[in-house]
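One structure is given here, and the rest of the page talks about it.
Throughout, read-outs are computed from the coordinates displayed, never taken from laboratory work. As the structure is a computational prediction, the values presented were derived from the model and not from experiment. As a convention, Cβ positions derive from the backbone with ideal geometry for all residues, glycine included, and neighbour counts pool all protein chains shown.
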Amino acid sequence: MTDTNPNHVTCPQKRRTGGRRKNLSKWRSHKLWKDLVEAHAHAPDAECVYCLKHHNELRKNKFVYLTINHKSRRLYESEELHSTWNPELMEICCTVCNRQIEKGRIPCPVCHNVYISVFDADRMCRKCFYDANPKLKEIHDHRMELIKISQKNAKDAAKKKEKERLKPLIEAKKAKDKAFRATLKKGAKSKGIGKVK
Ligand SMILES: [Zn+2]
Ligand SMILES: [Zn+2]
């Protein structure tokens, strides 16, 4: 069982995290924070700085929720720092982008739809990159075509091999069935049933 009581945590780092989480949930229940979110993230013209979506806009059948992202850990030092608008160290961000950013991913700055690594040297998603580089797209498409053909060939060869493997088994089964039918016929003849004379 996990011990969730912060007083029982002996590691100072963990104790600090536990204390900060406790503060955070307290601050976020206060009017000061709620008013800040309403005024900045839920204003009619507010949009996520990364994916440009608005609050309550639909994305893949889910409503976008805009919130305020703290760009510096220093803002967690006091409620005043945490809940007072600071355009230098705060940004409007949707919860999806917020989660992705924590993982080191941002939306493609061109289409704003696909998340890419912040370390991606192309600085955009693959589709947007190839749209912007038609020469490279041609090479890419050609390579894809070759891969498709070789995959189809491999599939056909596997199918043929399987058919060849099954062929003697099917033949043997057919022969066995034929022999069985012949025995039945023979048996019927010797008992005098079958053909009417
Ligand atoms: Zn977003
Ligand atoms: Zn893109």
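Things worth noting here:
- Area projected by the alpha carbon convex hull of the chain, averaged over all directions, nm²: 27.6
- All lysines inside 18 Å of Lys135 as judged from Cα atoms, apart from same-chain residues fewer than 8 positions distant: Lys127
- Here, P(r) means the percent of Cα pairs in each 10 Å bin from 0 to the largest distance; for the range 103-180 it is 16, 21, 19, 14, 11, 10, 7, 0.
- Of the GluC sites (Glu not before Pro) found in the range 147-180, none is in coil by DSSP with at most 12 other Cβ atoms within 10 Å of its Cβ.
- Qualifying lysines (Cα of each under 18 Å from Cα of Lys163; at least 8 residues distant if same chain): Lys152, Lys155, Lys173, Lys174
- A simple rule links phi to the HN-Hα coupling: the Karplus curve 6.51 cos²θ - 1.76 cosθ + 1.60 with θ = phi - 60°, which for the range 171-180 gives 4, 4, 5, 4, 4, 5, 4, 5, 4, 5 Hz, with x for Gly and Pro.
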